[in-house]
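Trainee: Structure in structure tokens, see below.
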Amino acid sequence: MTKLWGGRFTKATNQLVEEYTASIGFDRKLARFDIIGSMAHVDMLASCGIITHQEAAIIMEGLNKVDYKLEAGKVELDIAHEDIHMNVEKLLHNEIGAVAGKLHTGRSRNDQVALDMRLYLREVVVDTVEQLAALQKSLVEQAKVNLDTILPGYTHLQRAQPVLFAHHMMAYVFMFQRDAERLMDSFKRINRLPLGAGALAGTTFPINRQLVAEHLNFDGLCENSLDAVSDRDFVVEYLSNASMLSMHLSRLSEELVQWSSTEFNFIELDDAFCTGSSMMPQKKNPDVAELVRGKTGRVYGNLMGMLTTLKSLPLAYNKDMQEDKEGMFDTAETLKGALALFAPMIASMDVNKEAMYKAVAEDYSNATDLADYLVGKQVPFREAHAVVGQVVLHCINEGRYLLDLSLDEFRSFSPDIEEDIYEALTPEAVVAARDIAGGTAKNRVTDQIEGAERSIKTSEAWVESLQAAVKLDD
């Protein structure tokens, strides 16, 4: 089969070369965006008088037919045509004949694929921010209904100080807000038009790049033709942002796995988000959380793969850059699936308030408050720290907790301890005492919820403002 680029070749491409170099097996995901970009390009060519309006109308009608047939699965994509761009052009030729060849006037596959990827990725970013907002709202709702639920806070996976469960949920809300903000900020670097750069140096045709940018709702142009076709920073940035988002999902997943174990018994995940064992009928496995945790590795791998591919590439386009798509597609699909599951899984999670409170009541996480109590009695903190360490050691040896001690026992370690110590060391008092901005006191957590809800609304408004702009075919 004669290649569209085969004029200077005297031999057919080796079949193994065709199979090895073809990208149609994965870049078919770009078909819709390739056609959208082609429609904008042909409209511009006609507006600039480079092709006639009649030719543009014929090509536009043909592209619509190709789009319909691809969506309906009525045509096959052929590896012999290498990539989605050449396949679309060949299908267009089948529909309208030789005039299809005029579509490629003033452009190269180099700037064409850069356009397609930006069209694809800006839609992904908007959708991901929308999914993040849904997850954040699920976490906020869990926080609202658990404003009086106390659980141990941990450092080094050792019980440290009591916190509100709502406070713990809000920590993830703010993590995901940073993820959303990074994605929203990256949009301005994605949303630049590369088309018109040609293969690397621009084109001799009097095209109007700004017209295409306006047609496709881009904020501006890639300003240097060499950079336009070789730039994949926007992909690296997306993969980096996705890796941080995956890391946050993985951290939450790890806690869900721990908390749902018999050893913790802090939560129970809904049956709809768990699986069983083929051998052990009693098992209820948190498979969704485990798999989200596991898939974080592949998201990281996609980032490292992209960075390594770009590491030593000279300007401008190189075939190596064909490796830019699979990792991007895989990461986008991986995150989409994880976020779609996480929001309802969190919303349906049952919180075992009694087990959490029992864990707080049967530990020494109120020890810092005993030290703070002594500081309030003008005991230097380091001295108070040493005293409380002795009290804790005594309790450990006795198999008791701080609130089990009599006042005389307390005073044997420090005469500054008085009757009010029993109120100061309750889990409720310990939590309420952290009444500073960002603290775990109930009113401070309520402030966090209100602030987070405002931020989520901002994200949702951003999504709403851009959905129509990025979903050009809807």
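The values are calculated or read from the model by the stated rules, or taken from the named source; none is laboratory data. These numbers were taken from a predicted model, which means no experiment stands behind them. Heads up, the Cβs are rebuilt from the backbone with ideal geometry, glycines too, and the neighbour counts pull from every protein chain shown.
Trainee: State the number of residues belonging to the stretch 119-158 that are more than 16 Å from Met184 (Cβ to Cβ) and either assigned by TED's automatic domain parsing to the domain that holds Glu214 or in a helix (DSSP H, G or I) (or both).
Mentor: Here is the first cut: in the stretch 119-158, the ones more than 16 Å from Met184 (Cβ to Cβ) are 119-120, 137-158.
Narrowing further to those that are either assigned by TED's automatic domain parsing to the domain that holds Glu214 or in a helix (DSSP H, G or I) (or both): 119-120, 137-144.
So the answer is 10.
Trainee: With the requirement that a residue be part of a helix (DSSP H, G or I), of a type outside the set (A, V, I, L, M, F, W, C) and farther than 24 Å from Leu164 by Cα, what does the stretch 377-418 give you?
Mentor: Initial filter on the stretch 377-418 (part of a helix (DSSP H, G or I)): 381-398, 402-404, 407-413.
Now drop any that are not of a type outside the set (A, V, I, L, M, F, W, C), which leaves 382-383, 385, 389-390, 394, 397-398, 404, 408-409, 411-412.
Within the stretch 377-418, Arg382, Glu383, His385, Gly389, Gln390, His394, Asn397, Glu398, Asp408, Glu409, Arg411, Ser412 qualify.
Trainee: Which one of these is without any contact (Cβ under 8 Å) to a residue 12 or more places away in the chain, part of a helix (DSSP H, G or I) and touching a His at 6+ places or on another chain (Cβ under 7 Å): Ala46, Ala40? Can you show your working first?
Mentor: Values: Ala40 fails: without any contact (Cβ under 8 Å) to a residue 12 or more places away in the chain.
Every option except Ala46 fails the conditions.
Quick grid of which residues meet (1) outside the structural domain of Pro415 (by TED's automatic domain parsing); (2) hydroxyl-bearing (Ser, Thr, Tyr); (3) out of contact with any helix residue (DSSP H, G or I) (no Cβ under 7 Å at 6 or more places or on another chain); (4) surrounded by fewer than 18 Cβ atoms within 10 Å (Cβ to Cβ):
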position: Leu335; (1), (2), (3), (4): yes, no, no, no
position: Leu339; (1), (2), (3), (4): yes, no, no, no
position: Ala343; (1), (2), (3), (4): yes, no, no, no
position: Ile346; (1), (2), (3), (4): yes, no, no, no
position: Ala367; (1), (2), (3), (4): no, no, no, no
position: Leu370; (1), (2), (3), (4): no, no, no, no
position: Val375; (1), (2), (3), (4): no, no, no, yes
position: Val388; (1), (2), (3), (4): no, no, no, no
position: Val391; (1), (2), (3), (4): no, no, no, no
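Trainee: If you don't mind, there's one more thing I want to ask. Got a number for residues in the stretch 423-470 being surrounded by 14 or more Cβ atoms within 10 Å (Cβ to Cβ) and either outside any helix (DSSP H, G or I) or of a type in the set (A, V, I, L, M, F, W, C) (or both)?
Mentor: Number of matching residues: 21.
Trainee: Being under 29 Å from the mean Cα position of the chain (by Cα) and in contact (Cβ under 8 Å) with a residue 24 or more places away in the chain, is that true of even one residue in the stretch 84-102? Step through it out loud before you land on a result.
Mentor: Kept after step one, since they are under 29 Å from the mean Cα position of the chain (by Cα), are these residues of the stretch 84-102: 84-85.
Retained after the next criterion (residues that are in contact (Cβ under 8 Å) with a residue 24 or more places away in the chain): 84-85.
Within the stretch 84-102, one or more residues are under 29 Å from the mean Cα position of the chain (by Cα) and in contact (Cβ under 8 Å) with a residue 24 or more places away in the chain.
Trainee: Among the residues of the stretch 402-412, which ones are surrounded by fewer than 18 Cβ atoms within 10 Å (Cβ to Cβ) and not small (Gly, Ala, Ser)?
Mentor: Leu403, Asp404, Leu407, Asp408, Glu409, Arg411
Trainee: I'm trying to understand the selection: among the residues of the stretch 331-377, which are without any contact (Cβ under 8 Å) to a residue 60 or more places away in the chain and touching an Asp or Glu at 6+ places or on another chain (Cβ under 8 Å)?
Mentor: Step one: list which residues in the stretch 331-377 are without any contact (Cβ under 8 Å) to a residue 60 or more places away in the chain, which gives 333, 337, 354, 358, 362, 367, 370-371, 373-377.
Passing the criteria: Leu374, Lys377.
Trainee: Looking at this structure, is Lys295 surrounded by 15 or more Cβ atoms within 10 Å (Cβ to Cβ), within 19 Å of Val257 (Cα to Cα), charged (D, E, K, R) and assigned by TED's automatic domain parsing to the domain that holds Arg118? Reasoning before the result, please.
Mentor: Working: surrounded by 15 or more Cβ atoms within 10 Å (Cβ to Cβ): yes; within 19 Å of Val257 (Cα to Cα): yes; charged (D, E, K, R): yes; assigned by TED's automatic domain parsing to the domain that holds Arg118: yes.
Judged against the criteria, Lys295 is a match.
Trainee: OK, next. Tally up the residues in the stretch 83-116 that are closer than 30 Å to Asp233 by Cα and not in a loop (DSSP other than H, G, I, E, B), please.
Mentor: Start the filter on the stretch 83-116 by keeping residues that are closer than 30 Å to Asp233 by Cα, which leaves 83-89, 103-116.
Imposing the further condition that a residue be not in a loop (DSSP other than H, G, I, E, B) reduces the set to 84-89, 103-104, 109-116.
Count: 16.
Trainee: While we're looking at this one, here's another question. Anything in the stretch 273-307 that is closer than 17 Å to Leu249 by Cβ, of a type outside the set (A, V, I, L, M) and in a helix (DSSP H, G or I)? List them, or say none.
Mentor: Hits for the stretch 273-307 are Phe273, Asp287, Glu290, Arg293, Gly294, Lys295, Thr296, Gly297, Arg298, Tyr300, Gly301, Asn302.
Trainee: Whether any residue in the stretch 446-467 is outside the structural domain of Leu374 (by TED's automatic domain parsing), aliphatic (A, V, I, L, M), within 30 Å of Ala359 (Cα to Cα) and touching a His at 6+ places or on another chain (Cβ under 9 Å) is what I want to check. Please lay out each step first, then the result.
Mentor: Here is the first cut: in the stretch 446-467, the ones outside the structural domain of Leu374 (by TED's automatic domain parsing) are 446-467.
Then drop every residue that is not aliphatic (A, V, I, L, M), which leaves 449, 452, 456, 461, 463, 466.
Checking which are within 30 Å of Ala359 (Cα to Cα) leaves us with 449, 452.
If we keep only those that are touching a His at 6+ places or on another chain (Cβ under 9 Å) too, we end up with none.
Looking for residues that are outside the structural domain of Leu374 (by TED's automatic domain parsing), aliphatic (A, V, I, L, M), within 30 Å of Ala359 (Cα to Cα) and touching a His at 6+ places or on another chain (Cβ under 9 Å), one finds none in the stretch 446-467, hence no.
Trainee: Could you tell me whether any residue of the stretch 152-171 is under 16 Å from the mean Cα position of the chain (by Cα) and surrounded by fewer than 24 Cβ atoms within 10 Å (Cβ to Cβ)? First the steps, then the outcome.
Mentor: Of the stretch 152-171, the ones under 16 Å from the mean Cα position of the chain (by Cα) are none.
Checked against the condition, which is being under 16 Å from the mean Cα position of the chain (by Cα) and surrounded by fewer than 24 Cβ atoms within 10 Å (Cβ to Cβ), the stretch 152-171 yields no hits at all.
Trainee: Which of the residues belonging to the stretch 54-82 are in a loop (DSSP other than H, G, I, E, B) and more than 14 Å from Arg28 (Cα to Cα)? Even if it seems obvious, please write down each step before you answer.
Mentor: Going residue by residue through the stretch 54-82, those that are in a loop (DSSP other than H, G, I, E, B) are 73-78, 82.
Listed by number, the list holds a single entry, Lys74.
Trainee: Within the stretch 273-280, identify whether any single residue is loosely packed, with under 13 Cβ neighbours inside 10 Å and modelled with pLDDT of 95 or more, and answer yes or no. Working first, answer last.
Mentor: Step one: list which residues in the stretch 273-280 are loosely packed, with under 13 Cβ neighbours inside 10 Å, which gives 277-280.
Imposing the further condition that a residue be modelled with pLDDT of 95 or more reduces the set to none.
No, the stretch 273-280 contains no residue that is loosely packed, with under 13 Cβ neighbours inside 10 Å and modelled with pLDDT of 95 or more.
Trainee: Could you identify the single residue in Ala201, Ala171, Ala180, Ala166 that is assigned to a loop (DSSP other than H, G, I, E, B) and either modelled with pLDDT of 95 or more or not β-branched (Val, Ile, Thr) (or both)? Break it down into steps so the answer makes sense when it comes.
Mentor: Numbers: Ala171 fails: assigned to a loop (DSSP other than H, G, I, E, B); Ala180 fails: assigned to a loop (DSSP other than H, G, I, E, B); Ala166 fails: assigned to a loop (DSSP other than H, G, I, E, B).
Just one listed residue meets the conditions, Ala201.
Trainee: Would you mind stating whether Ala228 is more than 30 Å from Ala343 (Cβ to Cβ) and small (Gly, Ala, Ser)?
Mentor: Values: more than 30 Å from Ala343 (Cβ to Cβ): yes; small (Gly, Ala, Ser): yes.
For Ala228, the condition - more than 30 Å from Ala343 (Cβ to Cβ) and small (Gly, Ala, Ser) - is met.
For every residue, the table says whether it meets (1) small (Gly, Ala, Ser); (2) touching a Pro at 6+ places or on another chain (Cβ under 9 Å); (3) over 22 Å from Ala469 (Cβ atoms).
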{"position": "Val66", "(1), (2), (3)": "no, no, yes"}
{"position": "Lys74", "(1), (2), (3)": "no, no, yes"}
{"position": "Leu77", "(1), (2), (3)": "no, no, yes"}
{"position": "Leu91", "(1), (2), (3)": "no, no, yes"}
{"position": "Lys102", "(1), (2), (3)": "no, no, yes"}
{"position": "Arg107", "(1), (2), (3)": "no, no, yes"}
{"position": "Leu119", "(1), (2), (3)": "no, no, no"}
{"position": "Thr128", "(1), (2), (3)": "no, no, no"}
{"position": "Gly153", "(1), (2), (3)": "yes, yes, yes"}
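Trainee: Within the stretch 172-205, work out how many residues are within 13 Å of the chain's Cα centre (by Cα) and closer than 21 Å to Leu121 by Cα.
Mentor: Number of matching residues: 10.
Residue-by-condition table, conditions (1) surrounded by fewer than 20 Cβ atoms within 10 Å (Cβ to Cβ); (2) β-branched (Val, Ile, Thr); (3) touching a Cys at 6+ places or on another chain (Cβ under 9 Å):
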position: Ala199; (1), (2), (3): yes, no, no
position: Pro206; (1), (2), (3): yes, no, yes
position: Val212; (1), (2), (3): no, yes, no
position: Phe234; (1), (2), (3): no, no, no
position: Leu239; (1), (2), (3): no, no, no
position: Leu252; (1), (2), (3): no, no, no
position: Gln258; (1), (2), (3): yes, no, no
position: Phe264; (1), (2), (3): yes, no, no
